[in-house]
Amino acid sequence: MDKAHVHQAKIAKASSRGFLASILYSILCTSLFAFSFVFILSLVAYRNSDPTKLILPFSYICLVICAFLCGFSGAKFRGSQGLICGSCCGLVFAFLLFIVSQFFEKSNSLSYSFILFTYLCIILLSSLGGLCASKKRKQKRRVRR
């Protein structure tokens, strides 16, 4: 019984969490943020006289911010290995976007090279978010008196 308490204390004080847990946490945070951000952007767009002009720029803004947040939240939750964790979170996020995009009708399909470039940018932005989350702040030196 005492070994169980010691093991739980080690888990509670661990500085890094599981890799799969950080990916799931990242996807959950990103999807919640994306839904709320799309809602806010749609309200802004519909207050404009021509909301169709704003659909494309707002969608790219949302995609860029969500991709960065995906890598940032996953690496921050994990606590270490920001580049690897951010890249994997971005890969899962890009895969989920690919799966969701298959359910929508493609009236004017884009070129495959542009689509692959977009998914690559998602992974790179997510990696950048992971790197930003893993940067440690340097403590200021103490001044002796």
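The values are calculated or read from the model by the stated rules, or taken from the named source; none is laboratory data. Source: prediction; values computed, not measured. Here the Cβ positions follow ideal geometry from the backbone for every residue, glycine too, while neighbour counts run over all protein chains shown. When the accessible area is computed, the model is the full protein with side chains, heavy atoms only, and any ligands, DNA or RNA have been set aside. Shrake-Rupley method; radii C 1.70, N 1.55, O 1.52, S 1.80 Å.
Miscellaneous remarks
- Considering the range 21-78, the residues that are of a type in the set (Val, Ile, Thr) and open to solvent by less than 60 Å² (accessible area, probe 1.4 Å) include one that is farthest from CYS89 (Cα to Cα), namely THR30.
- Within the range 68-113, the set of residues being assigned to a loop (DSSP other than H, G, I, E, B) and hydroxyl-bearing (Ser, Thr, Tyr) comprises SER80, SER107, SER109, SER111.
- The range 50-81, subset more than 11 Å from the chain's Cα centre (by Cα) and polar (S, T, N, Q), residue nearest to LEU120 (Cα to Cα): SER59
- Looking across VAL92, VAL100, one residue alone is closer than 24 Å to TYR25 by Cα, exposed (fewer than 13 other Cβ atoms within 10 Å of the Cβ) and either under 10 Å from the mean Cα position of the chain (by Cα) or not charged (D, E, K, R) (or both). It is VAL100.
- In the range 115-145, the residues that are of a type in the set (A, V, I, L, M, F, W, C) and open to solvent by less than 80 Å² (accessible area, probe 1.4 Å): ILE115, CYS121, ILE122, ILE123, LEU125, LEU131, CYS132, ALA133
- Figure legend. Inter-residue proximity from the range 87-104: first residues touching a residue at least 12 places away in the same chain (Cβ under 8 Å), second residues open to solvent by less than 40 Å² (accessible area, probe 1.4 Å) and among the hydroxyl-bearing types (Ser, Thr, Tyr), beta-carbon distance below 7 Å, spacing 6+ or different chains. Indicated pairs: SER87/SER126; SER87/SER127; CYS89/SER26; CYS89/SER126; GLY90/SER126; GLY90/SER127; PHE93/THR30; PHE93/SER126.
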